[in-house]
1. How many of the residues in the range 336-368 are in contact (Cβ under 8 Å) with a residue 40 or more places away in the chain and at positive phi?
2. Residue by residue through the range 207-261, note down the ones that are part of a strand (DSSP E or B) and of a type in the set (D, E, K, R).
3. Kindly establish whether Ala181 is small (Gly, Ala, Ser) and out of contact with any helix residue (DSSP H, G or I) (no Cβ under 8 Å at 6 or more places or on another chain).
4. Looking at the structure I just gave you, is Gln416 outside any strand (DSSP E or B), more than 21 Å from the chain's Cα centre (by Cα) and within 13 Å of Tyr477 (Cβ to Cβ)?
5. For Ala360, are the conditions met, namely being in contact with a helix residue (DSSP H, G or I) (Cβ under 9 Å, 6 or more places away or on another chain) and modelled with pLDDT under 95?
6. How many of the residues in the range 88-102 are among the hydroxyl-bearing types (Ser, Thr, Tyr) and outside any loop (DSSP other than H, G, I, E, B)?
7. Taking the range 258-302, which residues are basic (Lys, Arg) and within 24 Å of Ala357 (Cα to Cα)?
8. Any idea which of (1) closer than 21 Å to Ile240 by Cβ; (2) crowded, with 20+ Cβ neighbours inside 10 Å; (3) at pLDDT below 95 is the one Gly347 doesn't satisfy?
Amino acid sequence: MSIGGIDIGTTGCKCTVYDEAGVFLAQSYQEYDLSRNAGEHELDPLVVWDSVQKVLSDIAPKCGALQAIGVTSFGETAVLLDEFDHPLINSMLYTDTRGEKECKELCGLLGAKRIGGITGVKPHPMYTLPKLMWVKKNRPEIFEQVKRIVLFEDYIVYMLTGKTQIDYSLASRTMAFDINALQWSDEILSKAGIDKNLFSEVVPSGTRAALIKREWAEKLGLSNYITIVSGCHDQVAAAIGVGALEKGVAVDGAGTVECITPVLNTLPKNRFLFEGNYAVVPHAQQGSYVCYAFSFTGGALLKWYRDNLAKAEAAAAITRGENPYESFNRKVKEKPSGILILPYFAGAATPYMDPKATGAIVGLSLETTSEDIYQGLMEAVAFEMLVNIEWLRKAGIEIQRLLATGGGASSQEWLQLKADILNIPITAMEAKEAGTLGCIMLAGTACGIYKDLKAAARLFVRETKTFIPCQERHKVYRELYQKYKKMYTAIRKITAELEEEL
């Protein structure tokens, strides 16, 4: 008997399968492209759906008697379906700048603090609701045809089963979900002018939807008796997948987006969290929550480097049968790169939430190498997370240990660099893709294979190596960090002047 997990990300989707004893069986990954143009960042839902079909058909002959599949996805981004379940437009990503005016309008009607008190998130155009308001206002002929509004988790669950349901944690990323009552907010949706009946039914994380449709089972080479389970937001899934189920630990999710997710045992009411734009989301463990501190560009920065500055080296590594990043990582030095990089290549996330912030490289000279820039990008991600960790401390959230997951967790050089900069031990997990693993644990628990998530964690969660901060390097990086903290204000002033001129 085996269990699968589908993880839908912004740049690709994967399906991982384990047997019920926690032994890895198979994994398949499918990458896809985004569209970025003048602030409009989009993803084609049909490309994602096609990719999900490909990874499922790929793992089908490798997974034995598959009993259940859980689905997790990134948040915020909506799919607008017509009466024939066809996407009406491409989905606007969280980095898309549209919805800013609509967000301000909604805040004018309800007040930002009121919205934050209901939803657990500070209003921002990155969330689903302002973008829906933008579509209704600017593409009314499109919005009139909308019969369902789904995010990518419930989109895939719906396509596979015909059941529309979304879990609490992903619903929280819409800015339309009442985190206290655990239901769609009539008050907010009424003011926004969006019919709540267009959304999926909200359910706890790890809720069974239905059996996979016979037509898709036959097409993909799967059994007709596979139960599809609604998982959760991908960061919550990662927390489950590394065993972060109780207060005292945090996840370092090193994917396309860099996200640190501490676990909380109460729903915090703290002005520092609101002022720092930190969202609080229901955890899969009833009565507990997680908080998100993140940067829009984590692994995305290294992908940018690969695709724009190191194409030839990447191609050569692939020819040798090597992962390009392994080649890049070998050139990371044990001392700082000598440059400072502001990592806002797609805007700034917490604590600033500034979509107009831009990246910058400071300290370039004729001696600067491509390898220095690569290491500087790694350092930038860690510096940005240190900004967030210091802010969370002001809110009473102390992080003493990080559990690393995601593609970036496979780089020992990056994990050591993070430990040195953050001055926090970081433990790498055996399963690099904790999102799918967490989804598998949820699906297995939902189907009664495991008593609860803690029982599942005892089988699935395994640590490998802990990276201890080097105090000598931390001291050097700490001095550089004091300079890094000044960069946002300095660079933002310049970009604001440029915006006025343009």
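1. Within the range 336-368, residues that are in contact (Cβ under 8 Å) with a residue 40 or more places away in the chain and at positive phi number 2.
2. Initial filter on the range 207-261 (part of a strand (DSSP E or B)): 207-211, 227-233, 250-254, 258-261.
If the condition is that a residue be part of a strand (DSSP E or B) and of a type in the set (D, E, K, R), then Arg208, Asp252, Glu258 are the ones that fit.
3. Numbers: small (Gly, Ala, Ser): yes; out of contact with any helix residue (DSSP H, G or I) (no Cβ under 8 Å at 6 or more places or on another chain): yes.
Against the criterion (small (Gly, Ala, Ser) and out of contact with any helix residue (DSSP H, G or I) (no Cβ under 8 Å at 6 or more places or on another chain)), Ala181 qualifies.
4. Values: outside any strand (DSSP E or B): yes; more than 21 Å from the chain's Cα centre (by Cα): yes; within 13 Å of Tyr477 (Cβ to Cβ): yes.
Criteria met by Gln416.
5. Working: in contact with a helix residue (DSSP H, G or I) (Cβ under 9 Å, 6 or more places away or on another chain): yes; modelled with pLDDT under 95: no.
In short, no.
6. Taking the range 88-102 first, the residues among the hydroxyl-bearing types (Ser, Thr, Tyr) are 91, 94-95, 97.
Cutting the leftovers down to outside any loop (DSSP other than H, G, I, E, B) gives us 91.
Qualifying residue count, the range 88-102: 1.
7. Initial filter on the range 258-302 (basic (Lys, Arg)): 269, 271.
Passing the criteria: only Arg271.
8. With respect to (1) closer than 21 Å to Ile240 by Cβ; (2) crowded, with 20+ Cβ neighbours inside 10 Å; (3) at pLDDT below 95, Gly347 is out only on (1).
The values are calculated or read from the model by the stated rules, or taken from the named source; none is laboratory data. The shown structure was predicted, so the numbers you read here are calculated from the model rather than taken from an experiment. Note: ideal-geometry Cβ built from the backbone for every residue, glycine included; neighbour counts use all protein chains shown.
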